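Read-outs throughout are calculated quantities, based only on the coordinates presented, and are distinct from any laboratory measurement. None of the values given here were measured: they were computed from a predicted structure. Ideal geometry is used to build each Cβ from the backbone, glycine not excepted, and the neighbour counts take in all protein chains shown.
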Amino acid sequence: MKSAIAKVVVDIALDREFDYRIPAHLATVLRIGSRVQVPFGSRTTQGYVVGLAESSPHPQLKEIGDVVSKQPLLTDKILELTRWMGRYYCCPVELCVKCALPEVVRKSKISWKERQFVRPVKLTLDDLAKLAKRAPKQFHALEILRKTDGMFVVQLCEQAGIDAAAIKVLAKKGFVELTDKVEERDPFGGEVFLPTEPLALMPDQVKSLALCIAAIDATICRSGVPAATGPTPTDHDGATASTSRTVPKPVLIHGVTGSGKTEIYLQAIEHALRHGKDSIVLVPEISLTPQTVERFRARFPQQQITVLHSHLSEGERHDQWHKIRAGQSHIVIGARSAVFAPVPALGLIVVDEEHETSYKQDEAPRYNARDVAVVRGKLECAAVVLGSATPAIESFYNAHHGRYVLSALPRRVDHRQMPVMRIVDMRQEVLRQKGLHVLSLRLRNAIEARLAKNEQVILFLNRRGYATHMFCPKCGYVAECPNCSVKLTYHRKAAQLACHLCGEIRPAPKVCPNPDCRDPAIRYSGMGTEKVEAAIQAAFPKARVQRMDSDIMTRKSLYREIFRDFRIGKIDILVGTQMIAKGLHFPNVTLVGIIYADMALHMPDFRAGERTFQLLVQVAGRAGRGDVEGEVVVQSFTPFHPAIQHARQHDYLGFYDQEIEFRQQLHYPPATRLVCLTVRAKTEEKAIFFSAALVRELRKHIAGTDLLSEATPAPLAKVQNNYRYQIIARSPQIMRLTEAIAKVVTSTKLPPDVTLAVDVDPVSLL
Ligand SMILES: [Zn+2]
Ligand SMILES: [Zn+2]
């Protein structure tokens, strides 16, 4: 690529990019990801090349001084991946590069942590004897040190009970050698896990593992072995990749909850490791729990595993990333952005819970890590394994049409039964109990029965707070967020009204805030987890009840503590949001109650049914993981909705068939592809004006057969004082559509207070 201009992020002005001219002698060595020395103001600084361009709007650019790093931070393949992302997601490549390089690596504010290291040197017996007599403490330290190859000064001080000054004296005498050495910041603090052996597999698991292994084997170079059938990848420069490798189709494991998917991942990773291949395992951030990580750390050599998650300190993230780049880590586990982990010998990417919407980034580039994983697998000739108990409709559709290999695990391991799901019609319940209560009689009785047997209960409600809104029955006043078009949620313990969209918080009023009313009979209606907790505690005063949602998860360690307490039986009933819905394994949980199953159903989104089905099946999956049969009680006002009925039967295929028919009829993905453009402006007039202008411009470029909506207010019409208008574009050919949109977007000039978000394959249309 011939580029005259490099876009550089410099260390001393971290949030901006600057254009620099590329001198001829650096043109061949300079790449995106290169660390460079550049003039900045009156001095020289370092920075990273995050983009290349042919021209710059700025005249009189300075020249890049030099390329500092020999090895660019981005590999060729990841660079190619970011270019694909730029095209596919209609977004500048620089933004994609920023995703692939963590900030702490890109801006290098942080470096390796170096500490003083002390090594023993060869000494004569005479020297030692003298030292033993004159300085017994120093002699003692030396004795400890001589049993090792060296250690950090702080460690020796601690072990020998001396201070650093004494070690300096030893160094002066020539008895030890002092150097600086990099100390890796270990996020696990040296924690060691008991090693585990591979588990025996059930016949379904054996078949599934065989498919994964076949995919991995297809990617392994074997000299002398003729090429197997399948497409040959071509890399960006037109050179053909090694002919004895083939790109395998991604494997989609559709396994019911408790069917042992993780064990298959573990054994597939082990297979890759044996053949010198690295693996990346993606899990949703919310599932990246100590329990999950422990299973991996206990199976493989712990030095070779890296965990990337949002709680790492900057220093830890720096060290882990460079460890991966240097090829010292062969298994990387992480959330969304771990899909860019620069492992040198990628052989396998696992995407667990592939249907999870948290794989989609909600700011540009709005990529879905699952789909990026599939493309990365293609580019790097690596196996990709997707797993879920409730695959995304898109993924199952891909499997159905032969783009993915489907593997089904219809049974739980050890022949455990799927939990029995009972649906309670809350409309009947309101009549029976003369009003709406948190617990139906059936759920209440079920909890009582389980508590009597010393079994544990999980109650699920996907809404925080105490009441969903506050209203005045006298004048009809409803407390709404001043910045967003949503109602404020009442939090009783904090006595506050809070907006869950923008974070607006105000004290809860004691009388109606309407100046003409001021009635003290102000009421709260609807419910959140806080209210469920209170109702449960009132109904079962002896039970130990714990709530778990983001309101009370104020400390990082609390998550671990609550789960530990629950596992060892210190908690009887756990009440929580989706935080407790994912992948957790508690053998003593025999009852799961879903307080209000219809919440997601009423979202104005074509995926409402799919989300409801997934949530019910996933939450229900927490029941009956031990020896006792599990039971699920689902409370619903629309008990005959297909999503609820299919979930009750654990019937994914039935749900899929019905759902895909609906998507086909109404032209929704995966029957077609969809892009959502959202215009945001400070005034509604501006939002209307610019979104309408955008529609006119798009009509000129979009193929006649593709569908383009008019600009309409988004379901969340106002967020953080921004008015939002939406345009929906649909086409069976996504690249044709995104190319046309990119053309319009780059040529459209918007005023600074109007923004446009382009979301390709959106997971939500709110
Ligand atoms: Zn009022
Ligand atoms: Zn708000």
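Taking GluC sites (Glu not before Pro) across segment 577-670, the ones in a DSSP loop with at most 14 further Cβ atoms lying within 10 angstrom of their Cβ are Glu629. For segment 358-465, GluC sites (Glu not before Pro) are listed when DSSP marks them as loop and at most 13 other Cβ atoms sit within 10 Å of their Cβ; the list is Glu363. The aspartates and glutamates whose alpha-carbon is closer than 20 Å to the alpha-carbon of Lys378, local same-chain residues fewer than 8 away aside, are Asp76, Glu80, Asp217, Asp235, Asp237, Asp278, Asp352, Glu354, Glu394, Asp761. Our note on the geometry: Cα centres of segment 49-63 and segment 481-560, 52 Å apart. If you take all other residues with their beta carbon under 12 Å from the beta carbon of Arg295, and give Lys and Arg +1 and Asp and Glu -1, the sum is 0.
Going toward the positive end of the dipole of the chain, with +1 on Lys and Arg Cβ and -1 on Asp and Glu Cβ, which of Gly624, Ser747, Ile580 do you reach last? After comparing all options, I get Ile580.
Consider all pairwise Cα distances in the chain and report the whole-number % of them above 43 Å.
Details: 111115 of 292995 pairs.
Result: 38 percent of Cα pairs exceed 43 Å.
For segment 282-343, what is the convex hull volume of the alpha-carbon atoms per residue, in Å³? Working shown, then result.
Values: hull volume 4.6 nm³, N = 62.
Normalising the Cα hull of segment 282-343 by residue number yields 74 Å³.
Suppose the chain between Arg134 and Gln496 were pulled fully straight at 0.36 nm per residue; how much longer would it get relative to their current alpha carbon spacing? Numbers along the way, then the final one.
Values: separation 362, 0.36 × 362 = 130.32 nm, distance 6.98 nm.
Gain in length upon complete extension: 123.3 nm.
Could you give the alpha-carbon Rg of segment 468-588 over 2.2 N^0.38 Å, rounded to two decimals? Could you put the intermediate results ahead of the total?
Numbers: Rg = 17.3 Å, N = 121, 2.2 N^0.38 = 13.6 Å.
Compared with the compact-globule rule of thumb, segment 468-588 sits at 1.27.
Can you pull out the trypsin sites (Lys or Arg not before Pro) in segment 420-474 that DSSP calls coil and that have at most 14 other Cβ atoms within 10 Å? Please list the in-between numbers first.
Numbers: sites: Arg422, Arg427, Arg432, Lys434, Arg442, Arg444, Arg450, Lys453, Arg463, Arg464, Lys474; in loops: Lys434, Lys453, Arg463, Arg464, Lys474.
Listed in order of number, the matching sites are Lys434, Lys453.
Hey, got the dipole for segment 661-766? About the Cα centre, +1 on K and R Cβ, -1 on D and E Cβ, debye to the nearest 20?
Numbers: 14 positive and 10 negative charges, 37 e Å.
Here the size comes out at about 180 debye.
The residue list His355, Val343, Asn368 was ranked by how far each Cα lies along the charge dipole of segment 340-407 toward its positive end, using unit charges on Cβ atoms, and Val343 comes out on top.
How big is D, in µm² s⁻¹, for segment 18-153 by Stokes-Einstein at 10 °C and 1.306 mPa s if Rh is the Kirkwood radius over C-alpha pairs? Present the calculation step by step, with values, prior to reporting the outcome.
Working: Rh = 19.2 Å.
After rounding, the answer is 83 µm²/s.
Net length available on complete extension from Asp627 to Lys453 is 61.3 nm, with 0.36 nm assigned per residue and the Cα-Cα distance removed. Where the alpha-carbon atoms of segment 473-519 are placed on the principal axes, they occupy 28, 25, 15 Å, in descending order. Considering only His25, Phe175, Leu756, whose Cα is most displaced toward the positive end of the charge dipole of the chain, charges sitting on Cβ of Lys, Arg (+1) and Asp, Glu (-1)? Checked the options; the winner is Phe175. Size of segment 566-634: Rg and Dmax of its alpha carbons, in Å, are 13.0, 41.
Compute the semi-axes of the equivalent ellipsoid of segment 306-429, taking the square root of 5 times each eigenvalue of the Cα gyration tensor, and list them largest first in whole Å. Could the numbers behind the result be given before it?
Values: eigenvalues 210, 77, 52 Å².
Working through the eigenvalues yields semi-axes of 32, 20, 16 Å.
Convex hull volume of the C-alpha atoms in segment 318-369, normalised per residue: 86 Å³.
Can you list, largest first and rounded to whole Å, the semi-axes you get for segment 358-452 by taking the square root of 5 times each eigenvalue of its Cα gyration tensor?
Details: eigenvalues 354, 82, 33 Å².
Listed largest to smallest, the semi-axes of segment 358-452 are 42, 20, 13 Å.
Entry note, the chain: relative contact order of 10 percent, from Cα contacts under 8 Å with a spacing of 6+ residues.
Cross-link partners of Lys172 among lysines, defined as those whose alpha carbon lies under 27 angstrom from its own and excluding same-chain residues fewer than eight positions apart: Lys113, Lys122, Lys130, Lys133, Lys137, Lys147, Lys181. Near Ala623: Cβ cut-off under 11 Å, other residues only, Lys/Arg at +1 and Asp/Glu at -1. The net charge is +1.
Of all aspartates and glutamates in the structure, those lying under 15 Å Cα to Cα from Lys718, and not within fewer than 8 positions of it along the same chain, are Glu480, Glu504, Glu684, Glu685, Asp753. Note on segment 35-91: the alpha carbon radius of gyration divided by the globular reference 2.2 N^0.38 Å gives 1.38. The alpha-carbon positions of segment 109-173 define a convex hull whose volume is 96 Å³ per residue.
Write down the percent of antiparallel bridges among all DSSP beta bridges whose residues are both part of the chain, to the nearest 5.
Numbers: 64 of 115 bridges.
Counting only bridges with both partners in the chain, antiparallel ones make up about 55 percent.
Spatial offset of segment 345-393 relative to segment 415-432 amounts to 34 Å, using the alpha carbon center of each. Close amide-amide hydrogen proximity is noted between Val385 and Val251, Ile349, Val350, Val351, each under 5 Å apart and 5 or more residues distant or on a separate chain (H modeled in the peptide plane; Pro and chain starts excluded). Computed from the Cα positions only, the extents of segment 258-301 along the three principal axes stand at 31, 20, 17 Å, in decreasing order.
Computed over the Cα atoms of segment 535-657, pair by distinct pair, the Kirkwood hydrodynamic radius stands at 15.7 angstrom. Residue pairs exceeding 25 angstrom between C-alpha atoms, taken from Lys98/Lys682; Lys487/Lys570; Lys77/Lys360: Lys98/Lys682; Lys487/Lys570. Electrostatic bookkeeping for Arg680 treats Lys and Arg as +1 and Asp and Glu as -1; over the other residues with beta carbon under 15 Å from its beta carbon, the sum is -1. The charge dipole of the chain, taken about the Cα centre with unit charges on the Cβ atoms of Lys, Arg (+1) and Asp, Glu (-1), comes to about 1100 debye, rounded to the nearest 20. Averaging the Cα positions of each part gives two centres, and for segment 679-716 and segment 271-342 these lie 42 Å apart.
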